[in-house]
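Only one structure is covered here, and it is reproduced in the block below.
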Amino acid sequence: MDSTLTFLGTGTSMGVPTLGCDCAVCTSAISPDGDPRNRRTRPSIRLEYNHRTVLIDTGPDFHAQAIRENIRRVDAVLYTHGHFDHIMGFDDLRPLTFHGVDNLPIYADEITASNLERIFEYTFRKEDRYPTSARVHIHRLDPTPGAGIDIFGACFQRIPVTHGREEITGYRFGHAAYLTDMSDIPEVSIPLLQNLDILILDALRLTPHPSHSHLEKSVAIVEQLKPRRAFFTHMGHDLDHATTNATLPPHIQLAYDGLQLQFEIAPKEAV
Ligand SMILES: [Zn+2]
Ligand SMILES: [Zn+2]
Ligand SMILES: [Zn+2]
(Lines give C-alpha, C1' and ligand atoms only; values in the text may rest on other atoms or scores of the structure.)
(Ligands and ions follow the chains in the order given, each with its own letter.)
Protein backbone atom coordinates (compact mmCIF):
# COMPACT_ATOMS: atom_id res chain seq x y z
CA MET A 1 0.00 0.00 0.00
CA ASP A 2 1.46 3.34 -1.07
CA SER A 3 1.67 6.20 1.41
CA THR A 4 2.57 9.85 1.05
CA LEU A 5 4.50 11.38 3.93
CA THR A 6 4.46 15.19 4.27
CA PHE A 7 6.73 17.09 6.63
CA LEU A 8 4.37 19.57 8.30
CA GLY A 9 7.29 21.06 10.23
CA THR A 10 11.02 20.38 10.46
CA GLY A 11 12.20 22.92 13.04
CA THR A 12 13.45 22.65 16.58
CA SER A 13 11.32 23.71 19.55
CA MET A 14 12.02 27.42 19.02
CA GLY A 15 11.38 27.26 15.28
CA VAL A 16 13.44 28.97 12.57
CA PRO A 17 13.72 31.92 12.48
CA THR A 18 14.49 31.98 16.18
CA LEU A 19 12.73 35.02 17.60
CA GLY A 20 15.10 37.96 17.93
CA CYS A 21 17.91 36.33 15.94
CA ASP A 22 19.54 38.02 12.94
CA CYS A 23 21.86 35.19 11.86
CA ALA A 24 22.18 34.31 8.16
CA VAL A 25 19.84 31.30 8.35
CA CYS A 26 17.14 33.12 10.33
CA THR A 27 17.36 36.07 7.91
CA SER A 28 17.24 33.76 4.89
CA ALA A 29 14.19 31.99 6.34
CA ILE A 30 11.95 35.02 5.93
CA SER A 31 13.54 37.36 3.40
CA PRO A 32 12.12 37.44 -0.17
CA ASP A 33 15.49 36.57 -1.71
CA GLY A 34 16.32 33.97 0.95
CA ASP A 35 15.74 30.21 0.94
CA PRO A 36 12.21 29.31 2.12
CA ARG A 37 13.51 25.84 3.05
CA ASN A 38 15.25 27.56 6.00
CA ARG A 39 11.84 28.52 7.42
CA ARG A 40 11.20 25.65 9.83
CA THR A 41 8.01 25.33 11.83
CA ARG A 42 7.69 22.97 14.79
CA PRO A 43 8.07 19.30 13.87
CA SER A 44 5.37 16.84 12.86
CA ILE A 45 4.42 14.71 9.87
CA ARG A 46 1.27 13.69 7.99
CA LEU A 47 0.79 10.23 6.48
CA GLU A 48 -1.83 9.67 3.79
CA TYR A 49 -2.79 6.12 2.80
CA ASN A 50 -5.90 4.04 2.32
CA HIS A 51 -7.92 7.29 1.97
CA ARG A 52 -6.99 8.18 5.55
CA THR A 53 -4.92 10.92 7.17
CA VAL A 54 -2.74 10.07 10.16
CA LEU A 55 -0.56 12.60 12.01
CA ILE A 56 2.48 12.08 14.19
CA ASP A 57 2.46 14.97 16.71
CA THR A 58 0.60 18.28 16.57
CA GLY A 59 2.89 21.12 17.53
CA PRO A 60 2.11 24.78 18.23
CA ASP A 61 2.22 25.55 14.47
CA PHE A 62 -0.38 22.91 13.58
CA HIS A 63 -3.14 25.40 12.72
CA ALA A 64 -0.98 27.18 10.13
CA GLN A 65 0.43 23.89 8.84
CA ALA A 66 -3.07 22.45 8.36
CA ILE A 67 -4.09 25.50 6.34
CA ARG A 68 -0.89 25.37 4.27
CA GLU A 69 -1.35 21.66 3.46
CA ASN A 70 -5.16 21.81 3.14
CA ILE A 71 -5.73 19.26 5.91
CA ARG A 72 -9.50 18.88 6.00
CA ARG A 73 -9.80 15.68 8.01
CA VAL A 74 -7.69 13.68 10.44
CA ASP A 75 -8.39 10.03 11.20
CA ALA A 76 -5.80 9.32 13.92
CA VAL A 77 -2.94 11.04 15.77
CA LEU A 78 0.12 9.40 17.30
CA TYR A 79 2.28 11.28 19.78
CA THR A 80 6.01 10.85 20.38
CA HIS A 81 6.25 12.63 23.75
CA GLY A 82 4.76 15.43 25.78
CA HIS A 83 7.07 18.36 25.05
CA PHE A 84 5.48 21.68 24.05
CA ASP A 85 6.72 21.58 20.44
CA HIS A 86 4.97 18.22 19.85
CA ILE A 87 1.60 18.51 21.59
CA MET A 88 0.48 22.15 21.74
CA GLY A 89 -1.56 21.88 18.54
CA PHE A 90 -3.78 19.27 20.21
CA ASP A 91 -6.56 21.79 20.79
CA ASP A 92 -6.57 22.74 17.10
CA LEU A 93 -7.84 19.22 16.38
CA ARG A 94 -11.20 20.29 17.88
CA PRO A 95 -13.07 21.25 14.69
CA LEU A 96 -11.69 18.19 12.93
CA THR A 97 -13.21 15.92 15.61
CA PHE A 98 -16.76 17.26 15.49
CA HIS A 99 -17.99 15.53 12.34
CA GLY A 100 -16.59 12.00 12.60
CA VAL A 101 -18.82 9.16 13.77
CA ASP A 102 -16.38 7.96 16.40
CA ASN A 103 -14.04 9.80 18.71
CA LEU A 104 -10.73 10.62 17.04
CA PRO A 105 -8.25 7.91 18.09
CA ILE A 106 -5.10 9.22 19.80
CA TYR A 107 -2.14 6.92 20.44
CA ALA A 108 0.53 7.70 23.03
CA ASP A 109 2.74 5.98 25.57
CA GLU A 110 1.66 6.06 29.21
CA ILE A 111 3.59 9.18 30.26
CA THR A 112 2.57 11.16 27.17
CA ALA A 113 -1.08 10.13 27.55
CA SER A 114 -1.00 11.25 31.19
CA ASN A 115 0.56 14.57 30.17
CA LEU A 116 -2.14 15.17 27.53
CA GLU A 117 -4.84 14.38 30.11
CA ARG A 118 -3.27 16.79 32.59
CA ILE A 119 -2.55 19.69 30.22
CA PHE A 120 -5.88 19.42 28.36
CA GLU A 121 -7.83 18.39 31.46
CA TYR A 122 -11.03 20.12 30.25
CA THR A 123 -11.10 17.73 27.28
CA PHE A 124 -10.94 14.58 29.34
CA ARG A 125 -12.90 15.35 32.49
CA LYS A 126 -15.84 13.03 33.04
CA GLU A 127 -18.23 15.63 34.45
CA ASP A 128 -18.93 19.17 33.36
CA ARG A 129 -16.82 18.67 30.26
CA TYR A 130 -16.22 21.80 28.18
CA PRO A 131 -18.85 21.36 25.45
CA THR A 132 -16.70 22.16 22.42
CA SER A 133 -13.55 20.36 23.53
CA ALA A 134 -12.00 17.78 21.24
CA ARG A 135 -13.81 14.47 20.85
CA VAL A 136 -10.98 12.04 21.19
CA HIS A 137 -10.19 8.67 22.68
CA ILE A 138 -6.68 7.97 23.99
CA HIS A 139 -5.19 4.53 23.41
CA ARG A 140 -2.14 3.79 25.56
CA LEU A 141 0.66 2.06 23.68
CA ASP A 142 2.07 -1.28 24.77
CA PRO A 143 5.52 -0.31 26.17
CA THR A 144 7.18 -3.42 24.67
CA PRO A 145 9.78 -2.29 22.10
CA GLY A 146 8.50 -3.09 18.61
CA ALA A 147 4.91 -3.69 19.78
CA GLY A 148 2.65 -2.96 16.83
CA ILE A 149 -0.82 -1.55 16.42
CA ASP A 150 -2.89 -1.72 13.27
CA ILE A 151 -4.15 1.66 12.10
CA PHE A 152 -6.27 1.51 8.93
CA GLY A 153 -4.32 -1.47 7.55
CA ALA A 154 -0.79 -0.31 8.40
CA CYS A 155 1.22 -1.53 11.38
CA PHE A 156 2.79 1.17 13.57
CA GLN A 157 5.54 -0.14 15.84
CA ARG A 158 6.75 1.64 18.94
CA ILE A 159 10.51 2.26 18.70
CA PRO A 160 12.05 3.46 21.99
CA VAL A 161 14.55 6.30 21.56
CA THR A 162 16.67 8.13 24.12
CA HIS A 163 15.90 11.86 24.44
CA GLY A 164 18.37 13.20 27.00
CA ARG A 165 17.37 11.61 30.30
CA GLU A 166 14.02 10.38 28.98
CA GLU A 167 12.96 7.48 26.82
CA ILE A 168 10.37 8.57 24.27
CA THR A 169 8.49 6.95 21.41
CA GLY A 170 9.65 6.77 17.81
CA TYR A 171 7.55 4.98 15.22
CA ARG A 172 8.18 2.56 12.40
CA PHE A 173 5.41 2.14 9.82
CA GLY A 174 6.16 -0.22 6.94
CA HIS A 175 9.37 0.81 5.22
CA ALA A 176 9.72 4.16 7.03
CA ALA A 177 10.61 5.27 10.55
CA TYR A 178 10.21 8.65 12.27
CA LEU A 179 12.63 9.27 15.16
CA THR A 180 12.31 12.89 16.22
CA ASP A 181 13.84 14.16 19.48
CA MET A 182 16.54 11.57 19.76
CA SER A 183 19.97 11.76 21.38
CA ASP A 184 20.70 8.02 21.11
CA ILE A 185 19.11 4.86 19.79
CA PRO A 186 19.04 2.14 22.45
CA GLU A 187 20.41 -1.31 21.54
CA VAL A 188 16.94 -2.83 21.75
CA SER A 189 15.73 -0.60 18.90
CA ILE A 190 18.53 -1.38 16.43
CA PRO A 191 17.00 -4.65 15.11
CA LEU A 192 13.66 -2.86 14.66
CA LEU A 193 15.23 -0.35 12.26
CA GLN A 194 16.62 -2.70 9.60
CA ASN A 195 15.63 -2.78 5.91
CA LEU A 196 14.23 0.75 5.88
CA ASP A 197 13.48 2.72 2.75
CA ILE A 198 13.18 6.01 4.69
CA LEU A 199 14.73 6.92 8.05
CA ILE A 200 13.82 10.30 9.52
CA LEU A 201 16.15 11.41 12.28
CA ASP A 202 16.68 14.32 14.64
CA ALA A 203 19.72 16.46 13.68
CA LEU A 204 19.48 19.59 15.80
CA ARG A 205 22.68 21.46 14.99
CA LEU A 206 26.41 21.16 14.26
CA THR A 207 27.65 20.71 17.83
CA PRO A 208 26.68 18.03 20.39
CA HIS A 209 23.63 18.63 22.61
CA PRO A 210 22.54 16.65 25.70
CA SER A 211 19.08 15.68 24.44
CA HIS A 212 19.31 15.84 20.63
CA SER A 213 21.55 14.22 18.06
CA HIS A 214 23.73 16.59 16.01
CA LEU A 215 24.57 16.44 12.31
CA GLU A 216 27.72 14.31 12.48
CA LYS A 217 26.17 11.85 14.94
CA SER A 218 23.01 11.48 12.85
CA VAL A 219 25.11 10.78 9.74
CA ALA A 220 26.92 8.04 11.71
CA ILE A 221 23.58 6.52 12.77
CA VAL A 222 22.45 6.48 9.13
CA GLU A 223 25.67 4.73 8.14
CA GLN A 224 25.05 2.15 10.88
CA LEU A 225 21.39 1.45 10.04
CA LYS A 226 21.80 1.72 6.26
CA PRO A 227 18.34 2.87 5.17
CA ARG A 228 17.95 3.52 1.43
CA ARG A 229 17.29 7.24 2.13
CA ALA A 230 17.55 9.40 5.24
CA PHE A 231 16.08 12.81 6.04
CA PHE A 232 16.96 15.02 8.99
CA THR A 233 14.45 17.05 10.99
CA HIS A 234 14.07 19.03 14.27
CA MET A 235 16.72 21.43 13.01
CA GLY A 236 17.79 24.75 14.46
CA HIS A 237 19.37 27.79 12.84
CA ASP A 238 22.87 26.28 12.63
CA LEU A 239 21.99 24.42 9.48
CA ASP A 240 21.58 26.34 6.24
CA HIS A 241 19.57 24.09 3.93
CA ALA A 242 21.55 24.31 0.70
CA THR A 243 25.08 24.54 2.08
CA THR A 244 24.51 21.72 4.61
CA ASN A 245 22.96 19.45 2.00
CA ALA A 246 25.98 20.03 -0.24
CA THR A 247 28.19 18.46 2.46
CA LEU A 248 26.02 15.33 2.79
CA PRO A 249 26.05 12.18 0.68
CA PRO A 250 23.17 12.05 -1.84
CA HIS A 251 21.09 9.54 0.16
CA ILE A 252 21.09 11.81 3.23
CA GLN A 253 19.34 15.17 3.01
CA LEU A 254 17.83 17.79 5.29
CA ALA A 255 14.04 17.72 5.16
CA TYR A 256 12.08 20.94 4.77
CA ASP A 257 8.53 22.03 5.55
CA GLY A 258 6.18 20.72 2.88
CA LEU A 259 8.57 18.06 1.52
CA GLN A 260 6.64 14.96 0.39
CA LEU A 261 7.94 11.39 0.10
CA GLN A 262 6.32 8.23 -1.25
CA PHE A 263 6.89 4.84 0.37
CA GLU A 264 5.38 1.43 1.08
CA ILE A 265 3.50 1.46 4.40
CA ALA A 266 2.09 -2.08 4.49
CA PRO A 267 4.65 -4.37 2.87
CA LYS A 268 3.57 -7.98 2.28
CA GLU A 269 6.72 -9.40 3.86
CA ALA A 270 7.10 -9.05 7.63
CA VAL A 271 9.32 -6.15 8.67
ZN1 LIG B 1 11.07 18.56 20.09
ZN1 LIG C 1 19.38 32.50 13.89
ZN1 LIG D 1 11.47 16.84 23.10
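Give the average over all directions of the projected area of the C-alpha convex hull of the range 150-210, one decimal, in nm².
The Cα convex hull of the range 150-210, projected and averaged over all directions, gives 4.6 nm².
In nm, to one decimal, how far is the modelled label at Lys268 from the one at Val188, with both set 7 Å along Cα→Cβ?
3.4
Keeping the other protein chains in place, figure out the carbon and sulfur percent of the accessible area of the range 153-244, with a 1.4 Å probe.
Heavy-atom surface of the range 153-244 belonging to carbon and sulfur, 1.4 Å probe: 52 percent.
Could you sort Cys26, Cys21, Cys155 by accessible area so the largest value comes first, with the probe set to 1.4 Å?
These residues rank, largest area first, as Cys155, Cys21, Cys26.
From Cα pairs below 8 angstrom and at least 6 apart in sequence, can you work out the relative contact order of the chain, rounded to a whole percent?
Over the chain, the number comes to 21 percent.
Connecting C-alpha atoms closer than 10 Å in a GNM of the chain, tell me which of Lys226, Lys126, Lys217 has the biggest fluctuation.
Its mean-square fluctuation being the largest, the pick is Lys126.
Calculate, for Arg165 and Ile119, the FRET efficiency according to 1/(1 + (r/R0)^6) with r their C-beta to C-beta distance and R0 30 Å; round to the nearest 0.05.
Here the calculated transfer efficiency is 0.90.
Accessible area per residue, 1.4 Å probe, Å², for the range 196-271: what's the number?
The answer is 44 Å² per residue.
Determine the gain in length on full extension of the stretch His209-Cys23; use 0.36 nm per residue of separation and subtract their C-alpha separation, reporting nm with one decimal.
That works out to 65.0 nm of additional length.
Sticking to Cα atoms, compute the Rg of the range 1-128 to one decimal and its Dmax as the biggest Cα-Cα distance, whole number, in Å.
Here Rg and the maximum Cα pair distance are 16.1, 54 Å.
GNM, the chain, Cα, under 10 Å: largest mean-square fluctuation among Phe231, Phe90, Phe152?
Maximum among the listed residues: Phe152.
Would you kindly state how much longer the chain becomes between Asp102 and Ile67 on full extension, computed as 0.36 nm times their sequence separation minus their alpha carbon distance, in nm to one decimal?
Extending this stretch completely gives an extra 10.2 nm.
Averaging sequence separations of C-alpha pairs under 8 Å and six or more residues apart, then dividing by the length of the range 1-124, give the relative contact order as a whole percent.
The normalised contact order for the range 1-124 reaches 21 percent.
Between Asn195 and Glu223, how many nm apart are label points set 7 Å from Cα along the C-beta direction?
Inter-label distance under the simple model: 2.6 nm.
Any idea what the dipole of the chain comes to, in debye rounded to 20, about its Cα centre with Lys/Arg Cβ at +1 and Asp/Glu Cβ at -1?
So the dipole magnitude of the chain works out to roughly 380 debye.
Have a look at Arg46, Arg72, Arg94 and tell me which one the Gaussian network model of the chain (Cα, springs below 10 Å) gives the largest fluctuation.
Arg72
At q = 0.07, 0.14 Å⁻¹, what base-10 log of I(q)/I(0) does the Debye formula yield for the chain when every alpha carbon is treated as an equal point scatterer in vacuo?
-0.23, -0.96
The values are calculated or read from the model by the stated rules, or taken from the named source; none is laboratory data. Note that this is a predicted model, so its numbers are computed, not measured. For neighbour counting, all protein chains shown are included, and Cβ atoms are generated from backbone atoms with ideal geometry for every residue, glycine included. For accessibility, only protein heavy atoms count, side chains too; no ligands or nucleic acids. Shrake-Rupley method; radii C 1.70, N 1.55, O 1.52, S 1.80 Å.
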